[in-house]
1. Rank the residues Arg36, Arg69 as a footprinting-exposure proxy: fewest other Cβ atoms within 10 Å of their Cβ go first.
2. What order do you get for 82-88, 19-25 when each peptide is scored by the mean count of other beta carbon atoms within 10 Å, highest first?
3. So how far apart, in nm, are the two label points at Asp107 and Arg36 if each is 7 Å from Cα heading toward Cβ?
4. Over all directions, how big on average is the projection of the convex hull of the alpha-carbon atoms in the chain, in square nanometres?
5. Would you calculate the separation in nanometres between label points at Gln91 and Glu28, each defined as 7 Å from the Cα along the Cα-to-beta-carbon direction?
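Every read-out reported here was derived from the displayed coordinates using simple, explicitly stated rules and does not represent laboratory data. What you see is a predicted model, and the numbers here were worked out from it, not measured in a lab. Cβ placement follows ideal geometry from the backbone for every residue including glycine, while neighbour counts extend to all protein chains displayed.
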Amino acid sequence: MNKTWEVVLYTSKDGRESVINEIDDFGENNAAKVFRVVELLKTYGHAVLETHIKHIDGKIWEIKIDHYRVLYFLYENQHYILVRAFMKKTQKTPQHEIELAEKRYTDYVSRAEGAEDERV
């Protein structure tokens, strides 16, 4: 039996920052390509996507689709949290994109753990 992972698209607490909006900005055809790869991630995990995946730093990983990038992290070994999507214009992933992904990682984990604390 295959394990299925949950994919979560980051949205800031105030709703102003959203990965879905960033992906939609790629245009319909490119967004569709991204979502096809995300479906593979959800179904098979990132091991099957070796040619599309790169470890960036710490907990942050990158999905590569043409010139588009989606930064994500694995949360509690069962959730892929997509935290940033952008068009890559340089050879190296820009530091400010990594820093934004790390900031969103911290925000997501902080809010997720806060929600768990409220349920106790």
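1. Final ranking by Cβ density, sparse to dense: Arg36, Arg69.
2. 82-88, 19-25
3. Spacing of the two 7 Å Cα→Cβ label points: 3.1 nm.
4. About 8.3 nm², averaged over all directions.
5. About 3.7 nm, to one decimal.
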